[in-house]
Structures are given as structure tokens and as C-alpha cells.
Amino acid sequence: MADRQCITSRQSLGEADRIRFVAAPDGSLVPDLAEKLPGRGAYVSANPEFVEQALSRGHFRRHLGDALQKQSDPTDMIANLETLLSKRFIQQLAMARRANLAVIGSGSMRDEPWIEGLFVADDASKREASALQGSLQPDWVEEGLPAEILGAAFGRSSVAYVGLRGSSYASDATLRQQILITLRRWRPFLAAAACHTIG
């Protein structure tokens, strides 16, 4: 997809670094994570700070015009985005599982000929994670993800490691890319939610 300009920072953003918003038929502001909803879109950096600024400073109203009739609370919108992005990540990871692209368990992964990427849960053993990475030599590693989120994609309460298999099929590559895009968007909102919980 083409780069789009953030209505707050005016920076040019790629798909993984932005969130599209549209005005719903009832005049409310809704995130369009798939970037497929009809109507004029407003793009904002995938960061709670920029979303809050866009709401509090009226950037959405100026960009979307009269189609936007309802005010959105910044705190509620940011919390909603964290929820939506986490659910999207789970759904996409579950699709990878059904497509036989995702595998769990360090023992199972060590038997795989090619694990392209590795997700590591926030409660995983650092020693075991380091050993697993050394054994698998994946192209990329994403650490610190909630174990319950990784588990949800596999119908479990928690999972420590998820590996994504390599594949030469274009559809598989697209799915893997979409998972990483969602994760990149989600991380700033996940961090904000964690800080709010601690605070």
C-alpha cells in the first residue's frame, strides 16, 4: 500500500506505522484496521500519543468534516485500539495455525527444518529462549508478548513460544507479513496499557 500522511505529525507513514479512521454512518469515529471501509479516511501514526492529540486537537473533525458527528474520548479510544489490535493479532495467528504455518513448543520447533520467525512470551525463560534462538536461527524474533495472547490463538491459556514456518507460497508470505504489521501497530498500545495497569 502507498504511504499516507499522519493528520497529526504530517509524517509519511507506511502500512505498519499507521491506523486509518473513518466516520461511521452514525457519525462516530471508528478505526479501520484492514483499511477497507468506505468513505474518506484519516490516517494517524500507530501511537497512543498521536491518536490522543488527533482527538483532543480536533484533527479528525477538520479532516473528516461533517461526516463526523460524535466526540470520542481519547482514553476510551486508545483502550479500544489495544483491544482491537490484540484480537486482530490473535485472529491472524490462528489463521497461520490453521494454515499449518505456526507451531508451538520448543521441542516441536527444534524438529522443524525451517522456522522463519519466533514469538517469545513475556514470561518465557530467558535461558531457554536464548537456547531456542541459537538452535533455530530464525530470521527474526519478537519478544515480550503476553503469553495468554499467544495461547489464545491455539486454544490454550498461555504459550511461551510460537514459531512461524517458512513457505514459498505467496498467500503464506502475505499472512506472515500481515501478522507482523498488526504486531508493530499493537506494540505501542500494549505498552501504554501496561503502564496504565502498573500506574
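Relative contact order of the chain, please, whole-number percent, based on alpha carbon pairs below 8 angstrom and at least 6 residues apart. Numbers along the way, then the final one.
Working: 309 pairs, mean separation 42.0, N = 199.
So the answer I get is 21 percent.
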### Message
Between (1) 13.4; (2) 9.7; (3) 12.4, which entry matches mean projected area of the Cα convex hull in nm² as derived from the coordinates of this structure?
### Response
(3)
### Query
What are the ³J(HN,Hα) values, in whole Hz, obtained from phi via the Karplus relation 6.51 cos²θ - 1.76 cosθ + 1.60 with θ = phi - 60°, for each residue of segment 176-191 in sequence order, with x given for Gly and Pro?
4, 5, 5, 4, 5, 5, 4, 4, 5, 5, 6, 3, x, 6, 5, 5
### Message
Straight-line reach only, C-alpha to C-alpha below 30 angstrom: list the lysines that Lys70 could link to, leaving out same-chain residues fewer than 8 apart.
### Response
Lys36, Lys87
### Message
Using the basic label-point model (7 angstrom from Cα toward the beta carbon), what is the Ala24 to Gln133 distance in nanometres?
### Response
4.1 nm
### Query
How many angstrom separate the Cα center of segment 75-115 from the Cα center of segment 141-155?
6 Å
### Query
Given H placed on each backbone N at 1.01 Å, which residues far from Glu116 in sequence or on other chains put an amide H within less than 5 Å of it?
Leu164, Arg165, Gly166
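All of the numbers you see were taken from the coordinates with simple rules; none came from a lab. The structure displayed is predicted, hence computed values, not measured ones. No Cβ is skipped: glycine too gets one built from the backbone with ideal geometry, and neighbour counts run over all protein chains shown.
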